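> Okay, handing you the structure first.
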Amino acid sequence: MKIMFERSSSRAGGLGPVFLWGSLWGIWEATAGHVVHLTHVPGLPGFIMFPAAFYFMSRAFVRSGRYQSIFLTACVAAGLKLFDIFIPGQNIQAVINPAQAILLESLVVTGFYYFLQRFGASVLIFNGRKRTPRG
C-alpha cells in the first residue's frame, strides 16, 4: 500500500503550508535552538531539535502534498535561523552550522518520504489521514 496525501488545488495552496510551518520551525530554531546550543552538551541539540524539525517538515508535506515543500520549508526556517547572527557576541559558526544542518535534514527527510512511497510502504503521518504525493 502506498502513502497517500491529499492534493492541493492550487500552487499557492502548496506555498501556504511552506511559509507557515517554515516560519514556526525557524522561530523554534532561533529561540529554543539557540538556548540548547548554549548548553554545549554533545548530541543534545540533535536529540531535541530533530524531532521538532521532522514534525514541522512533515506538517508542511502533509498539507501541500509535494516533496518540494519539505526543502522549501527548511529554506524558510534556515533563513529565520540566520537572524541569530544579530545577537550581540554571537559566534557566526554557531549560527551558520545549524542553518546548514536544517537544509541537510530536509534532504534526508525528503529522501525518507520518497523511499517510503517508492517501495510501497504504508504510513500514517501525524494527523492519521493517508495522502498521495504529487511529485
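> Quick one: how many residues across segment 79-117 are among the acidic types (Asp, Glu) and at pLDDT 90 or above? Give the derivation first.
The first filter runs over segment 79-117 and keeps only residues among the acidic types (Asp, Glu), leaving 84, 105.
Add one more test, that the residue is at pLDDT 90 or above, and what stays is 105.
Residues in segment 79-117 being among the acidic types (Asp, Glu) and at pLDDT 90 or above: 1 in total.
> Scan segment 1-38 for residues that are among the aliphatic types (A, V, I, L, M) and either modelled with pLDDT under 80 or not in a helix (DSSP H, G or I) (or both) and jot them down.
Answer for segment 1-38, where residues must be among the aliphatic types (A, V, I, L, M) and either modelled with pLDDT under 80 or not in a helix (DSSP H, G or I) (or both): MET1, ILE3, MET4, ALA12.
> Sticking with this structure for a sec: Whether any residue in segment 28-45 is surrounded by fewer than 15 Cβ atoms within 10 Å (Cβ to Cβ), under 21 Å from VAL108 (Cα atoms) and touching a residue at least 12 places away in the same chain (Cβ under 8 Å) is what I want to check.
No, there is no match, as no residue in segment 28-45 is surrounded by fewer than 15 Cβ atoms within 10 Å (Cβ to Cβ), under 21 Å from VAL108 (Cα atoms) and touching a residue at least 12 places away in the same chain (Cβ under 8 Å).
> When you go through (1) out of contact with any Leu (no Cβ under 8 Å at 6 or more places or on another chain); (2) free of Cβ contacts under 8 Å to residues at least 60 places away in the same chain; (3) not β-branched (Val, Ile, Thr) one by one for ARG59, which number turns out not to apply?
In the conditions (1) out of contact with any Leu (no Cβ under 8 Å at 6 or more places or on another chain); (2) free of Cβ contacts under 8 Å to residues at least 60 places away in the same chain; (3) not β-branched (Val, Ile, Thr), ARG59 misses (2) alone.
> Right, next: PRO51: within 21 Å of LEU107 (Cβ to Cβ) and surrounded by fewer than 13 Cβ atoms within 10 Å (Cβ to Cβ), yes or no? Before you say what the answer is, go through the steps one by one.
Values: within 21 Å of LEU107 (Cβ to Cβ): yes; surrounded by fewer than 13 Cβ atoms within 10 Å (Cβ to Cβ): yes.
Yes, satisfied.
> Consider LEU80 carefully, then state whether it is surrounded by fewer than 18 Cβ atoms within 10 Å (Cβ to Cβ) and part of a helix (DSSP H, G or I). Before you say what the answer is, go through the steps one by one.
Details: surrounded by fewer than 18 Cβ atoms within 10 Å (Cβ to Cβ): no; part of a helix (DSSP H, G or I): yes.
No; evaluated as a whole, the condition is false for this residue.
The values are calculated or read from the model by the stated rules, or taken from the named source; none is laboratory data. Not measured: the values here are computed from a predicted model. Neighbour counts are summed over all protein chains in view; Cβ atoms, including those assigned to glycine, are modelled from backbone coordinates with ideal geometry.
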